């Protein structure tokens with residue numbers, strides 16, 4: 001889930017935590033007595049926007065009798081899971097694939113909320129796009145088929161973007177072997193390769209190429225948040241996990257957390273201007289405006305696909321099927337009924 005506006009928030013103070021240096025948001029001073037939620041965040045990026053917004057505006061959680069004590073694990077989802085299992089945090093908000101793998105490997109975790117669908121996109125260089133027989137506004141299947149033979153990079157095998165790329169190609173009758181695919185993790189290297197014609201495109205976290213899109217050097221070819229990709233946009237991409245034992249001991253608190261995140265999603269979607277201003281001032285004051293605006297637009301669209309912070313049975317099963325095809329692991333113990341808390345189920 002890395003590579004999407006992972007700029008460290010300004011003003012968060014360091015906290016030494018086993019195997020990780022994190023950041024804490026202290027939300028003292030909000031009127032009334034609140035229960036503290038020790039909230040682990042894999043990375044402070046806009047695809048985790050609802051949690052960031054709740055951190056920037058303490059009234060969101062306070063309205064549900066809660067306060068957030070946030071630890072940012074600076075991109076290390078595994079450290080977030082380790083902290084959760086060792087009771088250093090109450091919650092761990094991570095890319096869903098990481099939590100699913102942890103459960104498959106024996107961690108007894110449950111899902112309290114889903115706050116985003118996939119926030120990724122296929123971006124092509126303008127020169128590569130101009131050579132194709134279809135355009136960026138052509139039907140989705142035509143755009144996917146046009147990728148055949150192109151030099152495309154994404155995260156490596158097992159990453160969420162790679163898994164989703166494979167599925168999108170499969171839906172269009174292609175396989176990963178039909179493109180000239182390379183694994184790449186470095187966003188700077190990706191941008192330079194795209195700018196200097198060393199690759200034709202990238203499947204990457206939305207926002208990373210915002211400046212190139214703004215300059216006309218690149219073209220957004222496909223967005224995973226698009227309503228044209230319902231089988232992809234319904235996949236739970238960012239999920240809040242907790243230990244089953246903690247959830248059983250804090251049942252009402254768990255439901256309050258879910259309700260607070262629903263409110264945060266609603267704020268992002270219905271008050272885009274206010275949310276944008278608050279997120280930018282609090283976390284990304286020095287980020288290029290075009291990159292921030294493009295990334296936020298995509299993040300809001302992906303969060304808006306989960307307005308009630310609930311997973312559907314079909315979306316969850318699609319995720320498991322994709323992950324099983326990619327990893328070969330057995331996900332029988334990660335079923336919708338076993339893992340998704342009742343208040344986080346859409347059906």
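The values are calculated or read from the model by the stated rules, or taken from the named source; none is laboratory data. Please read all numbers here as calculations on a predicted model, not as lab measurements. Note that each Cβ is placed from the backbone with ideal geometry, even for glycine, and that neighbours are counted across all protein chains shown.
Details
- Answer residue from the stretch 117-149, given it is part of a strand (DSSP E or B) and modelled with pLDDT of 95 or more and is farthest from the chain's Cα centre (by Cα) among those: 125
This table checks each residue for (1) without any contact (Cβ under 8 Å) to a residue 24 or more places away in the chain; (2) out of contact with any helix residue (DSSP H, G or I) (no Cβ under 7 Å at 6 or more places or on another chain).
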| position | (1), (2) |
| --- | --- |
| 232 | no, no |
| 247 | no, no |
| 250 | no, yes |
| 277 | yes, yes |
| 284 | no, no |
| 294 | no, no |
| 314 | no, yes |
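- Test result for residue 163, modelled with pLDDT under 95 and either assigned to a helix (DSSP H, G or I) or within 22 Å of the chain's Cα centre (by Cα) (or both): yes
- Inspection of the stretch 219-234 identifies no residue that is modelled with pLDDT of 95 or more and in a loop (DSSP other than H, G, I, E, B).
- When 290, 332, 313, 264 are screened for being closer than 25 Å to residue 40 by Cα and assigned by TED's automatic domain parsing to the domain that holds residue 88, only 264 passes.
- Of all residues in the stretch 288-316 being surrounded by fewer than 20 Cβ atoms within 10 Å (Cβ to Cβ) and modelled with pLDDT of 95 or more, the one that is farthest from residue 214 (Cα to Cα): 313
- Qualifying residue in the stretch 150-158 (condition: touching a strand residue (DSSP E or B) at 6+ places or on another chain (Cβ under 6 Å), in a loop (DSSP other than H, G, I, E, B) and free of Cβ contacts under 8 Å to residues at least 40 places away in the same chain): yes
- Within the stretch 173-209, the only residue that satisfies the criterion of being exposed (fewer than 13 other Cβ atoms within 10 Å of the Cβ) and in contact (Cβ under 8 Å) with a residue 60 or more places away in the chain is 197.
- Flag for residue 22 being at negative phi, under 20 Å from the mean Cα position of the chain (by Cα), modelled with pLDDT of 95 or more and not in a helix (DSSP H, G or I): no
- Looking only at residues in the stretch 65-87 that are surrounded by fewer than 20 Cβ atoms within 10 Å (Cβ to Cβ), modelled with pLDDT of 95 or more and touching a helix residue (DSSP H, G or I) at 6+ places or on another chain (Cβ under 9 Å), the one that is nearest to residue 306 (Cα to Cα) is 65.
- On inspection, residue 247 qualifies as at pLDDT 90 or above, part of a helix (DSSP H, G or I) and at negative phi.
- When the stretch 69-106 is filtered for residues that are under 23 Å from residue 117 (Cβ atoms) and in a strand (DSSP E or B), the ones remaining, listed by number, are 70, 72, 91, 92, 93, 94, 95.
- Matching residues in the stretch 48-68 - criterion: being outside any strand (DSSP E or B), touching a strand residue (DSSP E or B) at 6+ places or on another chain (Cβ under 8 Å) and within 17 Å of residue 254 (Cα to Cα): 50, 51, 54, 61, 65
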